[in-house]
Every structure is written in C-alpha cells, then in structure tokens.
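Read the structure below first, then the notes.
The values are calculated or read from the model by the stated rules, or taken from the named source; none is laboratory data. Worth saying up front: this structure is predicted, and the values here are computed from it rather than measured. We place every Cβ from the backbone using ideal geometry, glycine too, and count neighbours over all the protein chains shown.
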Amino acid sequence: MDKKRQNNSSLQENNFEAFFFTYYQNLFLVGFRMCGDKEFTKDALQSFFLEIWEKREKLQHVEHWNAYLKKAFYRKMLEEIKKNKLPTISISEITHQLSTASYETLLIKFQSEKIQQAKLQNALAQLPDQQKEMLKLRFYEGMNYEDIAKESGKSKQTVYNQIYEAVKKLKKILTFL
C-alpha cells in the first residue's frame, strides 16, 4: 500500500471515529480561541467533520492532515462566525493565545471564571439593595463618588462609606464560599 493510501485510510468508515478523536481537541482549540463560545465551536466542529466525511473521496490527496484540517476549520469558523454575526477575537489575541495557552489551560480558565461569576452573584445577592446599587454605579457604570452622591442625593462621604462597607462584606462573604 503506498504512503498516500495509508495516510488516508483513516477516512474509511471503520477508522473515521479514530480520525475524529485524533484531531478533535486541536480543532476545538482553534475554534474556541476564535469565538470563545464552547457550544458554537462544538456545533461548527460537528458540521466540519460531517463535511469531511461527505468529501472523503475528494480528499485522498491530502498528505498533511493536521495542517489541512486546521486551515480548513479556521476558514469554516470564519464563515460560521460571519453568518451568525458573532463577535470575533482579534488576530493578535489568537496569536498570543496560540503561543501561550493549551486547550486544558483555556478550559480550566473558562470554568474558573464561571465559578467566580456564580460566587460573586451569590455574594451580591446577600447585600442590601442600596449597597448593590452603589456598587453597580461605581464599578459597572464607572461613575465616580461625586456623581453617585449627586444621583442618589447622599453626601460623597456617605457614598464612599457605603461602597467601602459593601466591598468589605463581599470580601468576607467570598472568603467563606
């Protein structure tokens, strides 16, 4: 059996599953880094492998599968992102991520951020409404203490004290979660 036939024997029905699992993680990483959406990337990847399966006869000439699949999936992701009007991550961000983080690192970071967000939401829910509002104005809307005081009808010192107390409570709550 010549080298080209041997390389492409994985596209036959009995070997396609192994082919799929061989390249899935690396391609998932390419897609996830482009859009940051795990489910969207999985869907695009499933669709991509279906296209590979359907075109398997035309792909018998491919000798460097890893490079071919990465380039083809990158193009597929660009097409899907454009079609679905998703925001993309800039090329410089992709280049930086490709050179620094592995798939596992990104997944752990993503999961850790989700856990931290849930903990913060839980902690915020335990604060009085007035303190939540002050934190929202200060940290989410970027207002300074003086503007918050004007909007709330309180003194600048009162606003400062309430925000200080809210942050102190959050730290205490988050320490125990």
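Could you check the range 121-132 and list, in sequence order, the residues that are outside any loop (DSSP other than H, G, I, E, B), touching a helix residue (DSSP H, G or I) at 6+ places or on another chain (Cβ under 7 Å) and farther than 14 Å from I163 by Cβ?
So in the range 121-132, the residues outside any loop (DSSP other than H, G, I, E, B) come out as 121-125, 129-132.
Keeping just the survivors that are touching a helix residue (DSSP H, G or I) at 6+ places or on another chain (Cβ under 7 Å) gives 123-124, 130-132.
Scanning the range 121-132 gives a single hit, A123.
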Practice problem: Kindly check whether there is at least one residue in the range 7-22 that is touching a helix residue (DSSP H, G or I) at 6+ places or on another chain (Cβ under 7 Å) and either exposed (fewer than 12 other Cβ atoms within 10 Å of the Cβ) or modelled with pLDDT of 80 or more (or both). | Solution: yes
Quiz item: Which members of the range 134-148 meet the condition of being part of a helix (DSSP H, G or I), closer than 21 Å to L124 by Cα and of a type outside the set (S, T, Y)?
Solution: M134, L135, K136, L137, R138, F139, I148
Practice problem: Give the range 20-35 a look and list any residue that's farther than 12 Å from E80 by Cα and free of Cβ contacts under 8 Å to residues at least 60 places away in the same chain, or say none. | Solution: F20, F21, T22, Y23, Y24, L27, V30
Exercise. Could you list all residues from the range 128-141 that are surrounded by fewer than 17 Cβ atoms within 10 Å (Cβ to Cβ) and more than 19 Å from Q117 (Cβ to Cβ)?
Key: P128, D129, Q130, E133
Exercise. Keeping to the range 36-64, report how many residues are modelled with pLDDT of 80 or more and either buried (at least 16 other Cβ atoms within 10 Å of the Cβ) or in a helix (DSSP H, G or I) (or both).
Key: 17
Quiz item: Based on what the data block shows, is K114 closer than 27 Å to I173 by Cβ, exposed (fewer than 14 other Cβ atoms within 10 Å of the Cβ) and at pLDDT 80 or above?
Solution: yes
